[in-house]
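The values are calculated or read from the model by the stated rules, or taken from the named source; none is laboratory data. The structure displayed is predicted, hence computed values, not measured ones. Virtual Cβ from ideal backbone geometry, glycine too; neighbours counted across all protein chains shown.
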Amino acid sequence: MDINAEVTPEARDYLMSLLAKQKVSGMAARVYVDKGGTQHAETCLAFCPPGEESAGDVRKEFDKLVLYFDESSLPYLRDMEIGVQGQGKLQCLTIKAPNSKKPAKPPKTFALSQECEALQVPHGNPTTLPEGATVSITQALGGSFTVNYKGNLYRLSPEVTRQLGFQSDAILFEPPEDGQISDQQCWDALRLVYDPEIPVNVVGLGLIYELDIDQDKHLVRVEMTLTSPGCGMGDIIAGDVKDKLLQVPYVEGAKVDIVFDPPWSYDSLDEEARLELGLI
């Protein structure tokens, strides 16, 4: 993946001067984005001695200045510009990265840049998709992808999609001022969990039967069901529910119980889900 980045002549000279002061032969700089694709994204520049760059980093030269760009940050570094402001001793670098806070949207079809662990849908069987495999995305919601490869569907976890340089609709929650677990944030977190085959979250599907918060133990318990008792992705969906709840401020533990009484039916869908599925 290439990058469209600009370094002004003044910034190049300023950076070259900083690197020279480190007195390390071959010293370069590395650019990366922390919490890319979120409102908390920060674009960072760090010294990078020879051999400390990551294997997937993209190396780019600006005359004699060498910069390494973190592979997973590339979608957020498009159209970035490094400049300087101020004069003399008050001079400092500026970094403009207009795409750092924008979720990176993957193309409909792309080749995997690395070997990827995946789960076959709907059975949940683990498999490995080879590097270079051309896949088409059928669903990209809640941070995970469902992709079609050679006629079969596979789920790529949020961890894998981040390794590929993509990030979907993730949320970073602000800690409530009262120090309590927010019921609303828990429900918002659950709305980030999607069925791998149906583009509707587990709340909209009516899979969540109960949500209890124990403020003293910092514990959240969820009672939920599945669209089918034989769903091979049940443990994966339950794991996603737990992982998303653990991202809510002050939640230290999450317990997910799967039940089948009462059984799920299409009557459980909320109005938004019915509209999404064309049932209204």
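Worth pointing out:
- Test: residue in region 90-99 that is farther than 30 Å from LEU18 by Cα and surrounded by fewer than 13 Cβ atoms within 10 Å (Cβ to Cβ): no
- Qualifying residue in region 180-200 (condition: surrounded by fewer than 21 Cβ atoms within 10 Å (Cβ to Cβ), of a type in the set (Ser, Thr, Tyr) and either in contact with a Pro (Cβ under 6 Å, 6 or more places away or on another chain) or touching a residue at least 24 places away in the same chain (Cβ under 8 Å) (or both)): yes
- Enumeration of residues in region 1-22 that are of a type in the set (S, T, N, Q) and not in a helix (DSSP H, G or I): ASN4, THR8, GLN22
- Here PRO263 meets the list (1) within 30 Å of TYR154 (Cβ to Cβ); (2) within 21 Å of the chain's Cα centre (by Cα) almost entirely, failing just condition (2).
- Listed by first and then second residue, the pairs linking a residue in region 82-95 that is among the hydroxyl-bearing types (Ser, Thr, Tyr) to a residue that is modelled with pLDDT of 80 or more, with Cβ atoms under 6 Å apart and 6 or more places separating them unless they lie on different chains, are THR94/GLY83; THR94/GLN85.
- Among the residues of region 3-42, those identified as touching a helix residue (DSSP H, G or I) at 6+ places or on another chain (Cβ under 8 Å) and at negative phi are ILE3, VAL7, MET27, ALA28, ALA29, VAL31, TYR32, VAL33, GLY36, ALA41.
- The set of residues in region 6-56 that are under 27 Å from the mean Cα position of the chain (by Cα) and of a type in the set (Lys, Arg) comprises ARG30, LYS35.
- Segments classed as strands (runs of 3 or more DSSP E), wholly inside region 81-136, with at least 1 members that are farther than 16 Å from SER157 by Cα and within 23 Å of the chain's Cα centre (by Cα): 92-96, 109-111
- Condition broken by ARG78, with the remaining ones in (1) in a loop (DSSP other than H, G, I, E, B); (2) loosely packed, with under 14 Cβ neighbours inside 10 Å satisfied: (2)
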